[in-house]
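J.: I am attaching a structure below and will ask some questions about it afterwards.
The values are calculated or read from the model by the stated rules, or taken from the named source; none is laboratory data. All values reported here derive from a predicted model rather than from experimental measurement. Quick reminder, even Gly has a Cβ in these numbers, built from the backbone with ideal geometry, and neighbours come from all protein chains shown. We work out accessible area using only protein heavy atoms, side chains counted, and drop any ligands, DNA or RNA first. Shrake-Rupley method; radii C 1.70, N 1.55, O 1.52, S 1.80 Å.
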Amino acid sequence: MPKKTLVLIDGHALAYRAYYALPQTLSTSKGEPTNAVFGFTSMLLNVLRDEKPDYIAVAFDVGKTFRHEKYKEYKAHRLKMPDDMRTQMARIREILQAMGIPIIEVEGYEADDVLGTLAQKAEKEGLEVLIVTGDTDAFQLIDEHTRVLTSRRTFSDTVVYDQQGIEKRYGLKPHQLIDYKALVGDASDNIPGVRGIGEKTAVKLLQRYGSLEGIYAHLDEIESSRFRNALEKGRESAFLSKLLATIVTDAPLELDLEACRAAEFDRDKVVKLFRELEFRTLLNRLPFETKPEREPPSSPRQLAMFEVAKEEKPLPTTYQVVADEEALEKLVARLSKAVAVTLDVETTSTDAMVADLVGIALTDREGLGYYIPVGHRAVISDQLSVTGGQLPLDYVLEKLRPVLEDESVAKYAHNSKYDLTVLARHGVQLEGLCFDTMIAEWLADPASRNLGLKNLAWARLGVEMKPITDLIGTGKGQLTMDQVPITQVAPYACADVDMTHRLVKVLERELKDKELWSLFTEVEMPLVPVLADMEMRGIKLDVEYLGEMSRQLHQQLSALEREIQDMVGYAFNVNSTQQLSDALFIKLGLSAQGVPKTKSGRYSTAASVLEKLRGKHPVIDLILEYRELAKLKSTYVDALPLLVNKDTGRVHTSYNQTGTVTGRLSSSDPNLQNIPIRTEVGRQVRRAFVAEEGAVLLAADYSQVELRILAHISQDEGLLAAFKRGEDIHA
């Protein structure tokens, strides 16, 4: 029978590691910093998922310890905890308390001492121990029953060390790491060590004599006078350092296993915290409960303690599949009398220009949803065939057309441009579009991370929705929506329109409060069909011209590659970063001072590194030119022809209304804004975009529009006069 496991977490070490490993710009929409909390919580959830411990506890430091009394300089140079981390430590404690995980602290002792003591006591109770920490101090505690999990280069890249792992990394046994630190010191803790004794020497001495005491007992046997003298002079420092480095395993505390039991917790309380911290990405990793009889909810779940009072019940939901003519007739009659209709299309692709309709979801009030399946398929002997229980697409569209094309019936949607485009391609011109919840959220908060409907419903309504990956999966085995059964898609699609309909009221109120309503209704919403028309129209591409350009670039790249190889002195793959690193820093002997190393152990050849090496050797300019041409060739010259729509013969980019915080449009799939214009090759790529015969392409742009606005707002006499004279301010 396998032994039970106790997980012990070094709270301070893990929080600090997360704070410095994750971007300090990570914060909530209200500006609360969350990088340390997010990293800590993410690691905690990973451990709960992967280790499934029987018991768990977290230790924190409490002020100064006995080590400070022994050595006043202990950790003296450590910076004061940053203010934005102090608030996060309080949040971490909140999360632990909500999850029912005990916090253990002992006055005068560090978290490591608490961990060491608990680990010793747990072993005596017959438990296996896993210590989770952000640094290597706990490695000395490793033995046949205790392992340590810590991060490598990146915070999310973790490794678990056992006795063999430590011996492989250091060439020492875990308990010898105390003596190792006594010799080499520890700059992070300001442990002095022995001046003149480095890492390699310390390892050799400990491999030979076993311990610090063994080294000093055989001091006269050390052949090198330099090391022998260093050890003689540093004897006092060595033993002080060993005292400081040794983790206490007999701190005054007891191990209460029952209090540490990894039991069920108040999930709603944790979710409430996650919602405040905007940790929706962690929500799906949160266990529902430890009891096996409690199953995760399969339908949308109204979370307690959010928009509604605690005693109020969630709004009931009624989701229906419309799969016969009578039901469709009743739905159309209902919607034709509605003040507003919310819609959402389910399709086979995220690209609106190639997507086939699978189903249409509609509603006219909160808590209600109708799903009309029109294109579901089932896999039978690897052959796709249309399933029963649904209506013909053309029939459905003809019945819905009067409602969808009626401008007097207001239409709501989330990311409405997609729905509008898909319907237009299927012959229905959506009219009356007046509210897009994605655009409304972006206008209310241009830096919002909740533009996706699932995030937005959780942030604004407190509703936890099923992610699409639960239906279609991920990776190579990912399905398209038409391969998912109607019974699974219907509640998902109905929830989409239901939540969108509920969000309208919330977002409308905020836009009006922020005096953004006229901008939303008069500029942003009327722009949606314009952008949809632009996307559907697309732009013509001279494919033959790009084909010839690709051939020419291939010849240029081959010539550059030969020239680079000749300059280095041997043939190698210029596109291989490892081979290029060897060529530059080993064969040519370029200085690697300040150049970072990659995971392979070789020096980096990133663009930023090569830019700093300009002028150090003629080959650098050739490599940069080679890379620029290769990028243009692969990103545009070769890629653009593959993006030509087979039905229209044109390229269809997406114009993103919510893609920037400044309000500008952005272009994606493909990005037509980033094609270089300052280089000749970039200008050649731009020439591939052509007009139809008898038409021309017109480029139009405001002249210094921001400066003109500035002149108007400031009424600066100099600016006003310059514009009146028609001058170019930049010049």
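J.: Collect the residues in region 642-684 that are open to solvent by 50 Å² or more (accessible area, probe 1.4 Å), within 29 Å of VAL422 (Cβ to Cβ) and not in a loop (DSSP other than H, G, I, E, B), keeping them in residue-number order.
T.: LEU642, LEU643, TYR655 - these are the residues of region 642-684 that are open to solvent by 50 Å² or more (accessible area, probe 1.4 Å), within 29 Å of VAL422 (Cβ to Cβ) and not in a loop (DSSP other than H, G, I, E, B).
J.: Identify the single condition in (1) closer than 16 Å to VAL148 by Cα; (2) among the hydrophobic types (A, V, I, L, M, F, W, C); (3) assigned to a helix (DSSP H, G or I) that VAL37 does not satisfy, given that it satisfies every other one.
T.: The single condition VAL37 does not satisfy is (1).
J.: Can you tell me which residue among SER448, SER349, SER416, SER336 is within 28 Å of the chain's Cα centre (by Cα) and farther than 27 Å from SER518 by Cβ?
T.: Working: SER448 fails: farther than 27 Å from SER518 by Cβ; SER416 fails: farther than 27 Å from SER518 by Cβ; SER336 fails: within 28 Å of the chain's Cα centre (by Cα).
Just a single option satisfies the conditions, and that option is SER349.
J.: Within region 190-204, track down each residue that is open to solvent by less than 20 Å² (accessible area, probe 1.4 Å) and free of Cβ contacts under 8 Å to residues at least 24 places away in the same chain.
T.: Correct list: ALA202 only.
J.: OK, next. Can you pull out the residues in region 238-279 that are part of a loop (DSSP other than H, G, I, E, B) and out of contact with any helix residue (DSSP H, G or I) (no Cβ under 9 Å at 6 or more places or on another chain)?
T.: Residues satisfying the conditions are ASP256, GLU258, ALA259, ALA263, GLU264.
J.: Check GLU144, GLU167 and return the single one that is within 17 Å of LEU8 (Cβ to Cβ) and of a type in the set (Asp, Glu).
T.: The conditions single out GLU144.
J.: Is it the case that THR65 is closer than 15 Å to VAL248 by Cβ and not aliphatic (A, V, I, L, M)?
T.: yes
J.: For GLU693, state whether it is among the charged types (D, E, K, R) and more than 41 Å from the chain's Cα centre (by Cα).
T.: On the way: among the charged types (D, E, K, R): yes; more than 41 Å from the chain's Cα centre (by Cα): yes.
Criteria met by GLU693.
J.: Another question about this same structure. Going by what's in this entry, would ARG687 be described as open to solvent by 100 Å² or more (accessible area, probe 1.4 Å), in contact (Cβ under 8 Å) with a residue 60 or more places away in the chain and basic (Lys, Arg)? Can you show your working first?
T.: Values: open to solvent by 100 Å² or more (accessible area, probe 1.4 Å): yes; in contact (Cβ under 8 Å) with a residue 60 or more places away in the chain: yes; basic (Lys, Arg): yes.
Yes, satisfied.
J.: Still on this structure, I have one more. Before we move on, is ALA187 among the hydrophobic types (A, V, I, L, M, F, W, C) and either open to solvent by less than 20 Å² (accessible area, probe 1.4 Å) or over 44 Å from the mean Cα position of the chain (by Cα) (or both)?
T.: So ALA187 does not fit the description; no.
J.: Among all residue pairs at least 6 apart or on different chains, which show Cβ distances below 6 Å where the first residue, located in region 261-287, is at positive phi and the second is in a loop (DSSP other than H, G, I, E, B)?
T.: GLU278/THR28
J.: Could you grab the pairs with beta carbons closer than 9 Å, sequence gap of 6+ or different chains, first residue in region 563-575 and within 19 Å of LEU629 (Cα to Cα), second one open to solvent by 80 Å² or more (accessible area, probe 1.4 Å) and in a loop (DSSP other than H, G, I, E, B)?
T.: GLN565/ALA571
J.: Follow-up question, since we're still on this one. How about region 208-237: which of its residues are part of a helix (DSSP H, G or I), farther than 26 Å from LYS72 by Cα and in contact with a Lys or Arg (Cβ under 7 Å, 6 or more places away or on another chain)?
T.: Within region 208-237, just LEU219 meets the criteria.
J.: Also, quick follow-up: Within region 410-436, how many residues are β-branched (Val, Ile, Thr) and either open to solvent by 10 Å² or more (accessible area, probe 1.4 Å) or over 19 Å from TYR655 (Cβ atoms) (or both)?
T.: Selection size over region 410-436: 1.
J.: If only one of ASP364, ASP356 is open to solvent by less than 40 Å² (accessible area, probe 1.4 Å) and at pLDDT 95 or above, which one is it?
T.: None of the other options fit; the residue is ASP364.
J.: Separate question: Is it the case that LEU141 is under 25 Å from THR201 (Cα atoms), within 35 Å of the chain's Cα centre (by Cα) and surrounded by 22 or more Cβ atoms within 10 Å (Cβ to Cβ)?
T.: yes
J.: Residue pairs, Cβ under 6 Å, 6 or more apart or interchain, first in region 467-486 and without any contact (Cβ under 8 Å) to a residue 24 or more places away in the chain, second surrounded by fewer than 14 Cβ atoms within 10 Å (Cβ to Cβ) and among the polar types (S, T, N, Q). List them.
T.: Taking only residues 6 or more apart or on different chains, the pairs are ILE472/GLN478.
J.: Let me ask something else. Which residues, counting only those in region 146-159, are at pLDDT 90 or above and surrounded by 14 or more Cβ atoms within 10 Å (Cβ to Cβ)?
T.: THR146, ARG147, VAL148, LEU149, THR150
J.: I need every pair where a residue in region 207-220 that is farther than 20 Å from ILE166 by Cβ has its Cβ under 6 Å from the Cβ of a residue that is open to solvent by 20 Å² or more (accessible area, probe 1.4 Å), sequence separation at least 6 or different chains.
T.: That search, which allows pairs on different chains as well, returns HIS218/TYR209.
J.: Can you confirm whether region 702-716 contains a residue that is part of a helix (DSSP H, G or I), in contact with a helix residue (DSSP H, G or I) (Cβ under 7 Å, 6 or more places away or on another chain), surrounded by 12 or more Cβ atoms within 10 Å (Cβ to Cβ) and of a type in the set (Gly, Ala, Ser)?
T.: Looking through region 702-716, at least one residue is part of a helix (DSSP H, G or I), in contact with a helix residue (DSSP H, G or I) (Cβ under 7 Å, 6 or more places away or on another chain), surrounded by 12 or more Cβ atoms within 10 Å (Cβ to Cβ) and of a type in the set (Gly, Ala, Ser).
J.: Has region 595-612 got any residue that is open to solvent by less than 60 Å² (accessible area, probe 1.4 Å), of a type in the set (Phe, Trp, Tyr) and not in a loop (DSSP other than H, G, I, E, B)?
T.: no
J.: Hey, could you check region 641-669 for residues that are hydroxyl-bearing (Ser, Thr, Tyr) and touching a helix residue (DSSP H, G or I) at 6+ places or on another chain (Cβ under 9 Å) and say which is farthest from MET353 (Cα to Cα)?
T.: Step by step, filter region 641-669, then rank; the result is THR658.
J.: Cβ contacts < 7 Å: first residue closer than 19 Å to GLY31 by Cα and modelled with pLDDT under 95, restricted to region 82-96; second residue open to solvent by 50 Å² or more (accessible area, probe 1.4 Å) and among the small types (Gly, Ala, Ser), any location; separation 6+ or different chain. Result?
T.: Pairs found: none.
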